[in-house]
Structure formats: C-alpha cells, structure tokens
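Working notes for the structure below.
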Amino acid sequence: MKLDSSIAAVITGAASGLGEATARALAAKGVKVAIFDLNAEKGEALAAEIGGTFCAVNVTDDASVDAGFAKARAAHGQERILVNCAGIATARKTVGRDRETGAPTEYPVSDFEKVLQINLIGTFRCITKSAVGMVQTEELAEGERGVIINTASAAAEDGQVGQAAYAASKAGIVGMTLPIARDLMDNGVRINAILPGIFETPLMLALPQKAQDVLNATVPFPKRMGRPAEFAALALAMIENPYFNGEDVRLDGAIRMPPR
C-alpha cells in the first residue's frame with residue numbers, strides 16, 4: 001500500500017510506546033492518523049503534534065470502540081490501516097503464596113480474563129469493526145483495500161514464570177492471524193502480527209539502570225532493548241509490501257526468553 005495523505009489509519013494504544021512510534025512514522029508519510037487510547041493528556045498532545053485525531057477508547061467496550069471509529073472516520077474518512085498496540089502486561093503465578101501464612105493461593109480467574117479481554121478480545125473487537133469498513137472501500141492497486149497489524153509478543157512462544165495470562169493472550173493473537181488472513185482474502189484486506197521482544201517502552205525504561213543492563217545483556221545481538229522506531233519500521237514494511245500477509249514475525253534481536 002502506498003502511504004500518503006489519501007490514506008487514513010487507526011492505531012490503538014497510540015499515546016505512548018510502540019503505538020506512539022508507529023503513529024509518528026505513519027504521520028511522517030502523510031497518513032492521517034487517529035489515536036485510540038485511554039490517556040487523554042498524552043493522546044491529545046501527540047495528536048496535536050502530528051496533526052492527527054485523538055479518540056478516547058476502551059478496547060474492551062463495544063460502544064467506546066464504535067464511538068472511536070465514528071470520530072476517526074468523521075475526521076479522516078474510512079481507515080485503510082489498523083495497528084493494534086493496546087495491551088497490558090501482568091505477572092502472577094498459577095499457584096501463588098499467601099504473604100502472611102505462606103499457604104498456596106489460586107490465580108483469580110477474573111484477573112486472567114481481564115488480560116484476555118484487553119489484549120486478545122480487544123484486538124479482535126477492533127479488527128472486526130475496522131474490517132467491516134475496509135471491505136466496503138474502493139480497491140487500490142492489485143485489489144487491496146486495507147492492512148491490519150497486530151502486536152503479539154515473544155512471550156507467545158516462550159512465556160516466562162508468571163506470564164500464563166499474558167502469554168495466552170499473545171499466543172491467541174498469533175493463532176488468529178492466518179485464519180483472519182484467510183477470512184479476508186477475498187476482500188483485499190491483509191493482516192500480520194509482530195512479536196516484539198524487550199523494548200524501550202515506558203514500563204521498561206522505568207526500571208533501574210542496573211536492571212536494564214541485565215536485560216540488555218540477555219539479547220544476543222544487538223545487546224540492547226529494541227527501539228520503538230524499529231517496531232514502527234517493521235509495521236510500515238508490512239503495510240507497504242503487498243505480498244506480506246498472514247505472517248507472525250519476531251522482532252527481538254534473536255532473544256529466547258528463559259523461564260524467569
């Protein structure tokens with residue numbers, strides 16, 4: 001897909017981190033960008049900076065997502081690009097220990113469900129709502145109508161201790177990539193997923209420098225965390241290359257996560 005001012009994009013979780021970098025990269029190409037996020041302060045500031053539109057959106061709520069797409073489309077027209085970056089990371093063992101008694105404790109299923117609701121179901125909710133609009137647009141070169149990029153994680157393939165819910169949510173994103181590509185193949189809509197390793201997100205950069213150094217040393221090469229701009233570069237490559245479809249690509253410096 002050729003990226004220019006005729007193209008509109010929606011990016012979830014775009015007020016910071018990987019989503020912000022992707023929003024900036026697309027805007028630099030002239031694309032009209034709508035920022036879906038819950039952080040209004042950061043989202044509004046980024047939208048003002050890149051000439052985009054901020055939409056306060058909770059990806060777990062149908063009405064909120066519908067309102068976000070309505071606002072984005074009113075400002076920019078039907079989006080041909082959707083990049084899903086909204087998500088949360090949690091850490092909790094399947095069987096824990098009570099801090100006072102040391103007795104074994106269950107993993108609250110409601111906590112597990114919350115992670116899946118945001119990371120997996122929230123992603124699919126945005127996909128199906130966006131794709132309905134995409135398939136009704138006019139064809140571009142080679143019959144293309146739209147492109148969807150999802151954010152999974154290296155944890156989808158080698159989740160660590162305490163990542164049962166997170167890894168399950170990201171593995172679900174990987175698992176649905178090819179079926180969705182096949183669902184949309186007759187409509188000219190492509191979909192791919194990126195599996196980032198450890199990246200310079202606000203969460204990681206908030207760690208003490210010593211902890212960051214330890215993490216950097218675990219990456220085979222280059223021995224550092226990934227940069228959000230590198231994630232954005234891969235997202236744009238997937239969007240611009242018309243033969244990139246149905247793929248799940250790790251972006252991790254060859255890291256394979258240890259058990260803990």
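The values are calculated or read from the model by the stated rules, or taken from the named source; none is laboratory data. Predicted model, so just to flag it, every value in this text is computed and none were measured. A quick note on method: Cβ atoms are made from the backbone with ideal geometry, for glycine too, and the neighbour counts reach across all protein chains shown.
Could we say that G87 is in contact with a helix residue (DSSP H, G or I) (Cβ under 8 Å, 6 or more places away or on another chain), in a loop (DSSP other than H, G, I, E, B) and within 27 Å of D37 (Cα to Cα) here? Against the criterion (in contact with a helix residue (DSSP H, G or I) (Cβ under 8 Å, 6 or more places away or on another chain), in a loop (DSSP other than H, G, I, E, B) and within 27 Å of D37 (Cα to Cα)), G87 qualifies. Quick one: is I50 modelled with pLDDT under 95, surrounded by 12 or more Cβ atoms within 10 Å (Cβ to Cβ) and in contact with a helix residue (DSSP H, G or I) (Cβ under 7 Å, 6 or more places away or on another chain)? No: the conditions fail for I50.
Residue-wise test of (1) out of contact with any Lys or Arg (no Cβ under 8 Å at 6 or more places or on another chain); (2) hydrophobic (A, V, I, L, M, F, W, C); (3) under 20 Å from M185 (Cα atoms); (4) touching a residue at least 12 places away in the same chain (Cβ under 8 Å).
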site	(1), (2), (3), (4)
A217	no, yes, no, no
G226	yes, no, no, yes
A233	yes, yes, no, yes
N241	yes, no, yes, no
G246	no, no, yes, yes
G253	no, no, no, yes
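What do you reckon, is T201 hydroxyl-bearing (S, T, Y) and over 21 Å from the mean Cα position of the chain (by Cα)? So T201 fails the test. For A15, the requirement of being in a loop (DSSP other than H, G, I, E, B), modelled with pLDDT under 95, more than 25 Å from I180 (Cα to Cα) and under 20 Å from the mean Cα position of the chain (by Cα) is not met. Just one of the listed residues (T105, T94) is touching a Lys or Arg at 6+ places or on another chain (Cβ under 9 Å), among the β-branched types (V, I, T), more than 21 Å from K71 (Cα to Cα) and surrounded by fewer than 16 Cβ atoms within 10 Å (Cβ to Cβ), namely T105.
Can you work out which of the residues in segment 24-39 that are touching a Cys at 6+ places or on another chain (Cβ under 9 Å) and hydrophobic (A, V, I, L, M, F, W, C) is farthest from A237 (Cα to Cα)? Of everything passing the filter in segment 24-39, F36 is farthest from A237 (Cα to Cα). In summary, helices (runs of 4 or more DSSP H) completely within segment 108-183 and bearing 1 or more residues that are surrounded by fewer than 22 Cβ atoms within 10 Å (Cβ to Cβ) and in contact with a Phe, Trp or Tyr (Cβ under 9 Å, 6 or more places away or on another chain) occur at 122-134, 155-158, 164-183.
Within segment 161-190, being in contact with a helix residue (DSSP H, G or I) (Cβ under 8 Å, 6 or more places away or on another chain), in contact (Cβ under 8 Å) with a residue 24 or more places away in the chain and under 30 Å from P258 (Cβ atoms) holds for Q163, A164, A165, Y166, A168, S169, K170, G172, I173, V174, M176.
From the list E20, E44, E100, the lone residue that is among the charged types (D, E, K, R), part of a loop (DSSP other than H, G, I, E, B) and out of contact with any Lys or Arg (no Cβ under 6 Å at 6 or more places or on another chain) is E100. Among the numbered conditions (1) hydrophobic (A, V, I, L, M, F, W, C); (2) more than 26 Å from A156 (Cβ to Cβ); (3) touching a residue at least 12 places away in the same chain (Cβ under 8 Å), the only one that A74 does not meet is (3).
Let's see how each residue does on (1) small (G, A, S); (2) over 26 Å from P196 (Cα atoms); (3) within 16 Å of the chain's Cα centre (by Cα):
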{"position": "L46", "(1), (2), (3)": "no, no, no"}
{"position": "V65", "(1), (2), (3)": "no, no, yes"}
{"position": "A74", "(1), (2), (3)": "yes, yes, no"}
{"position": "A86", "(1), (2), (3)": "yes, no, yes"}
{"position": "G96", "(1), (2), (3)": "yes, yes, no"}
{"position": "P104", "(1), (2), (3)": "no, yes, no"}
{"position": "I118", "(1), (2), (3)": "no, no, yes"}
